[in-house]
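Student: The structure is given below, and queries will be raised subsequently.
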Amino acid sequence: MPKLTDYVKTAAEEYLEETGNPELNAHWIAEFFQDCGVQDAYPRQDLVAFAEMVQKELTKNNERAAKKMLFQLDKTIRAIKRPRKY
C-alpha cells in the first residue's frame, strides 16, 4: 500500500500537469481522493486535511520552480553582462 505522502505527491504532480494552476480545485481533489484509492487505503483520512497537504505540496513545488527560474535568469544575465575574452 502506498504511503499517504506518495498519494499527496502524485495528486500534486497530476493536478499541475492537468491544469498548470498552483491553486487546488476542490472538485478535482475530491475526485482524486475517491477515484485514486486514497479513501480506500486510508478510510480515516479527512478529505479537507488531504487537500491541505496537496495544496502545501503544490505551493512548495511552485516556490522551488520560481527559485530555479530566478537563478537561471540571474545566471543568464550575468553571462550577458560579462562578455567572454578571447
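Student: Can you give me the % of accessible surface on the range 8-47 that is carbon or sulfur? Probe 1.4 Å, all protein chains present, nothing else counted.
Tutor: Using a 1.4 Å probe with all protein chains present, the range 8-47 comes out at 43 percent carbon and sulfur.
Student: So if I place +1 on the C-beta of Lys and Arg and -1 on the C-beta of Asp and Glu, and nothing else carries charge, what would the dipole magnitude of the chain be about its Cα centre? I want it in debye, nearest 20.
Tutor: Working: 14 positive and 14 negative charges, 282 e Å.
Dipole size: approximately 1360 debye.
Student: Over the C-alpha atoms of the chain, what are the Rg and the largest Cα-to-Cα span, Dmax, in Å?
Tutor: 18.5, 66
Student: Further question: To the nearest 10 degrees, how steeply does helix 26-35 sit against the main Cα axis of the chain, on a 0 to 90 scale?
Tutor: Computed tilt is about 60 degrees.
Student: Rank His27, Leu47, Thr76 by how far each Cα sits towards the positive end of the charge dipole of the chain (+1 on Lys, Arg Cβ; -1 on Asp, Glu Cβ) and give me just the farthest.
Tutor: Thr76
Student: Now for a separate question. Compute the accessible area per residue over the chain, keeping the other protein chains in place, probe 1.4 Å, unit Å².
Tutor: Counting only protein heavy atoms, the per-residue value for the chain is 81 Å².
Student: What is the sum of charges, Lys and Arg at +1 and Asp and Glu at -1, for the other residues whose Cβ falls under 12 Å from the Cβ of Leu70? Walk me through the numbers before you get to the answer.
Tutor: Numbers: positive: Arg64, Lys67, Lys68, Lys75; negative: Glu63, Asp74.
Local charge sum for Leu70: +2.
Student: Using θ = phi - 60° and the Karplus curve 6.51 cos²θ - 1.76 cosθ + 1.60, what whole-Hz ³J(HN,Hα) does each residue of the range 36-45 get, with Gly and Pro shown as x?
Tutor: Going residue by residue, I get 9, x, 5, 4, 6, 6, 10, x, 8, 6 Hz, with x marking Gly and Pro.
The values are calculated or read from the model by the stated rules, or taken from the named source; none is laboratory data. From a predicted model like this one, the values you see are computed outputs, not experimental measurements. For neighbour counting, all protein chains shown are included, and Cβ atoms are generated from backbone atoms with ideal geometry for every residue, glycine included. Remember, those area values only see protein heavy atoms, side chains included, never the ligands or the DNA or RNA. Shrake-Rupley method; radii C 1.70, N 1.55, O 1.52, S 1.80 Å.
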